[in-house]
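Reviewing the structure listed below.
The values are calculated or read from the model by the stated rules, or taken from the named source; none is laboratory data. Keep in mind that what you see is a predicted model, and the values were worked out from it rather than measured. We place every Cβ from the backbone using ideal geometry, glycine too, and count neighbours over all the protein chains shown. To get the accessible areas, we keep the full protein, side chains included, count just its heavy atoms, and leave off ligands, DNA and RNA. Shrake-Rupley method; radii C 1.70, N 1.55, O 1.52, S 1.80 Å.
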Amino acid sequence: MTADALFWLAIAGFLATCLAAVGARSLAEFSRHELEEFCRRRGSPDRFRQILRGYDQAALSAEMAQVIATVVCVGAMVSWFAYGGDASNWTPPAL
């Protein structure tokens, strides 16, 4: 993998981490009362129940996306820094 590819992979991982963190925080702190009022005003109280049923899975998915994106970002940054920005001869370590 080239140094440029590692650099851009780190940038993409960072942006994905930020986006997933915003989503996870929004899901953790949204006002259930305001959502219930909104659904009632729109005439769909069943939608509120559907949202609450899928809430836990959505919150967990956002948190897992944040962790995976962080691992990608850190891994790409470490690889890029470990080879001084020249990763053209980089090969992954044998397991």
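Total residues in region 47-59 satisfying the condition of being within 14 Å of L27 (Cβ to Cβ) and open to solvent by less than 90 Å² (accessible area, probe 1.4 Å): the figure is 6. Would you confirm whether or not region 35-46 contains a residue that is open to solvent by 100 Å² or more (accessible area, probe 1.4 Å) and within 30 Å of I68 (Cα to Cα)? For region 35-46, residues open to solvent by 100 Å² or more (accessible area, probe 1.4 Å) and within 30 Å of I68 (Cα to Cα): absent. For region 3-55, what are the residues that are aromatic (F, W, Y) and farther than 14 Å from V74 by Cβ? Once the filter is applied, which keeps residues that are aromatic (F, W, Y) and farther than 14 Å from V74 by Cβ, region 3-55 yields W8, F30, F38, F48, Y55.
Checked against (1) touching a helix residue (DSSP H, G or I) at 6+ places or on another chain (Cβ under 8 Å); (2) loosely packed, with under 15 Cβ neighbours inside 10 Å; (3) aliphatic (A, V, I, L, M), V78 passes all but a single condition, namely (1).
Could you list, in sequence order, the residues of region 1-50 that are outside any helix (DSSP H, G or I) and free of Cβ contacts under 8 Å to residues at least 40 places away in the same chain?
Of all residues in region 1-50, those outside any helix (DSSP H, G or I) come to 1-2, 30-31, 43-44.
If the condition is that a residue be outside any helix (DSSP H, G or I) and free of Cβ contacts under 8 Å to residues at least 40 places away in the same chain, then F30, S31, G43, S44 are the ones that fit.
Of the residues making up region 6-34, just one is among the small types (G, A, S), over 13 Å from the mean Cα position of the chain (by Cα), closer than 25 Å to A69 by Cβ and loosely packed, with under 13 Cβ neighbours inside 10 Å, namely A28.
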